[in-house]
């Protein structure tokens with residue numbers, strides 16, 4: 001299931017801190033669902049309400065995310 005959400009935007013609903021999982025809300029199908037999440041950069045803290053991109057799946061429903069405000073698009 002989590003693999004289907006890689007590449008989607010999400011919103012953090014519980015802080016993600018180094019070494020600990022948080023939670024993100026992702027639009028799926030006709031609604032939204034909560035997924036356990038960790039930061040792609042292991043030493044990073046991502047606060048509640050931050051918009052993130054789902055960059056990986058760790059198995060089951062657990063996803064790996066990165067804040068969109070630190071991403072740079074190629075020119």
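Rule-based calculations on the coordinates, nothing more; no lab input. Since the model is a prediction, treat every value here as computed from it, not as a measurement. Here the Cβ is made from the backbone with ideal geometry for all residues, glycine too, and neighbour counts use every protein chain on show.
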| Spin-label pair residue 62/residue 41, simplified geometry with 7 Å Cα→Cβ offset, distance in nm | 2.2 nm
| request: Sort 46-55, 25-34 for me by packing, meaning the mean count of neighbouring Cβ atoms within 10 Å per residue, highest on top. | output: 46-55, 25-34
| note | By the Kirkwood definition, with r running over pairs of different Cα atoms, segment 2-68 has a hydrodynamic radius in Å of 11.2 Å
| query | What is the list of residues in segment 42-59 whose amide nitrogen lies under 14 Å from a point 7 angstrom out from the Cα of residue 21, following Cα to Cβ? | reply | 57-59
| request: Within segment 18-33, find all residues whose amide N lies under 17 Å from a label point positioned 7 Å from the Cα of residue 51 along Cα-to-beta-carbon. | output: 24-28
